[in-house]
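To start, the structure itself, in structure tokens.
The values are calculated or read from the model by the stated rules, or taken from the named source; none is laboratory data. The model shown is predicted, which means the values in this text are computed figures rather than measured ones. Neighbour counts run over all protein chains shown; Cβ positions are idealised from the backbone, glycine included.
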Amino acid sequence: MSDIALDEIAVLSAIYCEKDEFTLLEESDEKGILFRIQVAVETGSGKTRLSLVFNLPPEYPSCLPDVSVSSEQLTRQQCQRVRQSLLEKSSELRSEPMVHELLLWLQQNIADIACIEQAGSVDAAPAADGEPWMALLLLDHMRAKTKYTKIIEKWTLELGLTGRLFMGKLILIVLQGAKRSIKEYVHLQKTVKVDVDSAGKKCKEKMMRILSDAPLPKTYKELTSFQVKEISSVEELKREFELVGLLELYQEFVCSLT
């Protein structure tokens, strides 16, 4: 990675220094730097919380960054509109550090870009290759918790999936998106060494169970981001499913496990 990119990461982590504002997800010479910034932007009618995941390639800033956008307050279509606008703006800033400038520009233009005032009338966009799909996975355990979690976040980002990772007595993953993307995620989950065994050696997820794998029912809420939730009790787990409009999923597949 270039010194410019590393210096920019240091600056960004200092600016966005509140809890969960800046998270470094991955850093390698082959893939570059992957990090998440969570901000609240003013829209005129209130604040909208955004989660932006930037991927700075090894050649950055000569090569433009990639970015994904998610928000509980915006539809998937609005998030895609914000992403496309950021990519277009970044092309004007080639060959110079740009992430902070992009964030400042987004703060000033978010309402117009996402048509916030029409948020209630904009329908969520369907999955790119057909009807939205949903899967519910049960993991047996997580020994290397931090690393394992980052891998899951990385895969969902790369595959364009939304959902939740609930970590408590039960470890559950809700995935929504294109059927083929969910299928690819499950393949990765089963074949890549994502955790460590009792001896500390890298191992694959052999005990994963697929509790549900089917088209997303129209009665279920379509999620717009992937988030990790720490769960301390059965009651809290049920409440989290209810908050995201998936109580029926909980009652059908999870309730009997608690």
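This table checks each residue for (1) among the hydroxyl-bearing types (Ser, Thr, Tyr); (2) part of a helix (DSSP H, G or I).
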site	(1), (2)
Leu157	no, yes
Glu184	no, yes
Ser198	yes, no
Lys238	no, yes
Tyr250	yes, yes
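Within region 53-66, track down each residue that is surrounded by fewer than 19 Cβ atoms within 10 Å (Cβ to Cβ) and polar (S, T, N, Q).
Result: Ser62, single match.
Within region 228-236, is there a residue that is closer than 25 Å to Gly160 by Cβ and modelled with pLDDT under 90?
no
Does at least one position in region 197-207 carry a residue that is among the aliphatic types (A, V, I, L, M) and surrounded by 13 or more Cβ atoms within 10 Å (Cβ to Cβ)?
So far as region 197-207 goes, no, none of its residues is among the aliphatic types (A, V, I, L, M) and surrounded by 13 or more Cβ atoms within 10 Å (Cβ to Cβ).
Quick check: anything in region 173-192 in the same structural domain as Glu240 (by TED's automatic domain parsing), among the β-branched types (Val, Ile, Thr), modelled with pLDDT under 90 and in contact with a Cys (Cβ under 7 Å, 6 or more places away or on another chain)?
Checked region 173-192: no residue is in the same structural domain as Glu240 (by TED's automatic domain parsing), among the β-branched types (Val, Ile, Thr), modelled with pLDDT under 90 and in contact with a Cys (Cβ under 7 Å, 6 or more places away or on another chain).
Specify which of the listed residues (Pro126, Pro132) is modelled with pLDDT under 90, crowded, with 19+ Cβ neighbours inside 10 Å and either within 20 Å of the chain's Cα centre (by Cα) or of a type in the set (D, E, K, R) (or both).
Pro132
Of the residues Leu74, Leu50, only one is closer than 24 Å to Ile151 by Cβ and either touching a residue at least 40 places away in the same chain (Cβ under 8 Å) or crowded, with 19+ Cβ neighbours inside 10 Å (or both); which?
Leu50
For region 170-177, state whether one or more residues are part of a strand (DSSP E or B) and more than 24 Å from Gln77 (Cα to Cα).
Yes, that holds for at least one residue.
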